[in-house]
């Protein structure tokens with residue numbers, strides 16, 4: 001797999017998948033995004049980003065069990081792959097490196 005940098009939205013979606021764990025399904029991810037960022041997001045944007053991240057090998061998914069609250073429908077639950085964890089770690093390290101070089105913030 002070639003080296004890939006994440007866009008900001010992709011990075012946040014991956015982080016939310018990691019944070020939500022077994023509750024990482026599209027609607028919950030969208031709700032958490034809006035809660036954490038105080039910005040609206042369309043479910044379509046979340047779905048297309050989850051698909052793209054899955055195609056890149058950063059996420060896997062499986063169907064969860066049916067629930068009465070969803071009229072018996074099942075949720076697709078997402079989880080980070082080792083590659084997904086690695087790309088998040090690389091993104092964090094890259095940002096920390098940049099912040100440490102910024103004179104106004106270097107050294108705390």
Query raised in the report: So what does log10 I(q)/I(0) come out to for the stretch 8-101 at q = 0.12, 0.18, 0.24 Å⁻¹, using the Debye formula with one equal point on every Cα and no solvent?
Result: -0.39, -0.82, -1.27
Report summary line: For the stretch 8-101, averaging the sequence separation of alpha carbon pairs under 8 Å that lie six or more residues apart and dividing by its residue count, the contact order in percent is 29
Query - Rounded tilt (10° steps) of 82-101 against the dominant C-alpha axis of the chain - result: 30
Requested in this report: Give the angle, between 0 and 90 degrees and rounded to the nearest 10, that separates the Cα long axis of helix 8-20 from the longest principal axis of the Cα atoms of the chain.
Outcome: 60
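Readers should treat all values here as calculations from the given coordinates under stated rules, not as data from a laboratory. Just so you know, these numbers come straight off a predicted model, no measurement behind them.
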